[in-house]
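Novice: This is the structure I have questions about; it appears just below.
The values are calculated or read from the model by the stated rules, or taken from the named source; none is laboratory data. As the structure is a prediction and not an experimental result, all values here were calculated from the model. Backbone-built Cβ (ideal geometry, glycine too); neighbour counts: all protein chains shown. For the accessible areas, the whole protein counts, side chains as well, though only heavy atoms, and no ligand, DNA or RNA atoms are used. Shrake-Rupley method; radii C 1.70, N 1.55, O 1.52, S 1.80 Å.
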Amino acid sequence: MSNILALLLTPAFGYAILRVTTPILFAALGNVISSKAGVSNIAMEGTMLTASLAGVLASAYSKSALVGLLAALFVGVLFSAFMAYLSLFLGTKVIMAGIALNLFASSFTVYILYMFTGQKGNSAALASKQLPTIHIPVIKDIPVIGEIFSGHNVLVYVALLAIVVIYVMLNKTKLGTHIKAVGENPHAAASVGISVRKIQFVALCLSGLLAGFGGAFMSMGYLSMFTRDMVAGRGWIAIAASAMGRSMVIPTTITSFLFGIFSAIGNVLQLQNMPSELITTLPYVAVFIGIVGYSMRKSKGEK
């Protein structure tokens, strides 16, 4: 136990929290936007997975990490736009469309991976690129703080910046006002000339863009290659974080970091030779506890 506590109180643990929270935070913030518009993006898992593969393939064949990132973002938006088309234009239930696309992505990415590499497990055969690591001037030289906040993949800092950008967008811009109006009362929004379907479509595409960032981080930052089902439930955890945060930017950010802390603890416990089957359940136990607590709090509020 003392060894575990010693590991949890190191700068390396703080560094790990930022690293493992990043993909969850991207997807959770994306779901905040779509939920505000009244159409939660249930396909976060599949969106991140397809984006992560697109980033690897594009970076490997273009020899450019930037091209890989742009490809991941494009595929993230495209995937969510297709979900928007199914739910908003064809009338498919959002939950059914999301689940179907998640299942599709799990198999489709393996098929595409096999087509390009002849492998079904990972993209190690491809010389894919990794996004750069940033060492922050001045901060990198500060003891402890520098070890925690400097030296991360560039997308870690993009995720932190996204918190501010999305908060400002939702609360200080015309688009944000329209998104919230549509989510709160679509009939009232339509009565004043706001196109409900258009705003919901835009919100879902924006959520796909953020999920694309999360997917790119998974295969071009967290790892340097694509592996089968590498998102590993982070999309679902992000949806839970957004629900627990009541689709508000700051509370959702806090819950995302809570789930990141549990994931980081799991990584520490792996060093102590604890059963991997038990360790991998930690983030999902955190989700279960969080959802139960959220439901109990909501139930008391309704009474």
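Novice: Keeping to segment 114-144, report how many residues are in a loop (DSSP other than H, G, I, E, B) and over 16 Å from Y15 (Cβ atoms).
Specialist: Counting residues in segment 114-144 that are in a loop (DSSP other than H, G, I, E, B) and over 16 Å from Y15 (Cβ atoms) gives 16.
Novice: Looking at S128 and the list (1) at pLDDT below 95; (2) surrounded by fewer than 21 Cβ atoms within 10 Å (Cβ to Cβ); (3) within 22 Å of T227 (Cβ to Cβ), which single condition is not satisfied?
Specialist: S128 satisfies every listed condition except (2).
Novice: Separate question: How do the pairs read when you match residues in segment 122-138 that are within 18 Å of N153 (Cβ to Cβ) with residues anywhere that are basic (K, R), using Cβ under 8 Å and keeping only pairs 6 or more apart or on different chains?
Specialist: K129/K63
Novice: Can I ask one more? Can you list residue pairs whose Cβ atoms sit under 6 Å apart, with the first residue in segment 5-16 being more than 13 Å from I261 (Cβ to Cβ) and the second being at pLDDT below 90 and open to solvent by less than 60 Å² (accessible area, probe 1.4 Å)? Count only pairs 6 or more apart in sequence or on different chains.
Specialist: L7/V268
Novice: Counting just the residues of segment 210-246 that are within 15 Å of G46 (Cβ to Cβ) and open to solvent by 40 Å² or more (accessible area, probe 1.4 Å), which one comes out modelled with the lowest pLDDT?
Specialist: Ranking the qualifying residues of segment 210-246, first place goes to A232.
Novice: Would it be correct to say that V39 is open to solvent by less than 60 Å² (accessible area, probe 1.4 Å) and part of a helix (DSSP H, G or I)?
Specialist: Judged against the criteria, V39 is not a match.
Novice: For segment 149-182, enumerate the residues that are under 26 Å from L18 (Cα atoms) and open to solvent by less than 20 Å² (accessible area, probe 1.4 Å).
Specialist: Passing the criteria: S150, G151, H152, N153, L155, V156, A159, A162, I166, L170.
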